[in-house]
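Participant: There's a structure below that I have some questions on.
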Amino acid sequence: MMTESKCSVCRHPERDTLERELIAGLTLRDAADKYALGKDALGRHKRNHLSKALKAVQERREMAGAQKAVDRAEELYVKASAILEGAEQEGQGALALSAIKELRATVELLAKLTGELDERPQVNVLNVSSSPEWLAIQQAMLESLAPFPEARIAVAGTLEELEA
């Protein structure tokens, strides 16, 4: 590990400001350009020398920000629910539908914020060659070709090659 006296970032005259900006999310590339430092040196500094107190402050900030977003979404849910209840009691169908629409969107937002809704694409792999349907099709083709032995042998050979 580098000692502070050799670290170009530790010796930089704007070290305090630079560290705060790194903690706030300034990229290494942007910091390198802005402060005329090497990207690798900034990365080593961030890993090895950045104040643990500054890191802890940033982590608390991030946790508070995430919690605040969930809290605000839950407040919106409560308000939309109250509007829906009032609209239903007063027979205001259009307002009730609007409130339902907002509730649906808020529930979706809450699910995203809490991780309950995962929108990453999923890939499903289907092995067709071992499916009962495909095996039945192969059998039917070969049976249909029984009167034509040469064609049946050619098709069977091709099917074997495809499965290999």
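Readers should treat all values here as calculations from the given coordinates under stated rules, not as data from a laboratory. Note that the coordinates shown come from a computational prediction; the quantities given were computed from them, not determined experimentally. Positions of Cβ are backbone-derived with ideal geometry, glycine not excepted, and every protein chain shown enters the neighbour counts.
Participant: Please report, in debye to the nearest 20, how large the charge dipole of segment 88-164 is about its Cα centre when each Lys and Arg carries +1 at its beta carbon and each Asp and Glu carries -1 there.
Facilitator: Numbers: 5 positive and 13 negative charges, 26 e Å.
Roughly 120 debye, rounded to the nearest 20.
Participant: Another question about this same structure. Identify which of V123, V107, V78 has the largest mean-square fluctuation in a Gaussian network model of the chain, with springs joining Cα atoms closer than 10 Å.
Facilitator: V123
Participant: Continuing with the same structure: Assign unit charges at the C-beta atoms only (+1 for Lys and Arg, -1 for Asp and Glu), then state the dipole size of the chain relative to its Cα centre in Debye, rounded to the nearest 20.
Facilitator: On the way: 22 positive and 27 negative charges, 305 e Å.
Taking the Cα centre of the chain as origin, the dipole is about 1460 debye.
Participant: Additional query: Could you tell me which of A154, P132, A96 has its Cα farthest along the dipole of the chain towards the positive end, charges placed at Cβ (Lys, Arg +1; Asp, Glu -1), taken about the Cα centre?
Facilitator: Final value for the positive-end residue is A96.
Participant: Further, regarding this structure: Rounded to the nearest 20 debye, what is the charge dipole size of segment 1-50 about its Cα centre when +1 sits on each Lys and Arg Cβ and -1 on each Asp and Glu Cβ? Write down the numbers at each step before the final one.
Facilitator: On the way: 10 positive and 8 negative charges, 37 e Å.
Dipole of segment 1-50, to the nearest 20 debye: 180 debye.
Participant: Using only Cα atoms, find the angle between the long axis of helix 93-114 and the longest principal axis of the chain, and express it within 0 to 90 degrees, rounded to the nearest 10.
Facilitator: Taking Cα atoms only, the helix is inclined about 80 degrees.
Participant: At q = 0.12, 0.13, 0.20 Å⁻¹, what log₁₀ I(q)/I(0) does a Debye calculation on the Cα points of the chain give, no solvent, two decimals?
Facilitator: -0.77, -0.81, -1.16
Participant: Something else: Using only Cα atoms and rounding to the nearest 10 degrees, what angle (0 to 90) does helix 52-89 make with the longest principal axis of the chain?
Facilitator: 60
Participant: With angles folded into 0 to 90 degrees, how steeply does helix 15-24 sit against the dominant principal axis of the chain? Use alpha carbons for both and round to 10.
Facilitator: Helix 15-24 sits at roughly 30 degrees to that axis.
Participant: Work through the residues other than L110 whose Cβ is under 9 Å from its Cβ and net out their charges, Lys, Arg +1 and Asp, Glu -1.
Facilitator: Numbers: positive: K112; negative: E74, E108, E116.
Local charge sum for L110: -2.
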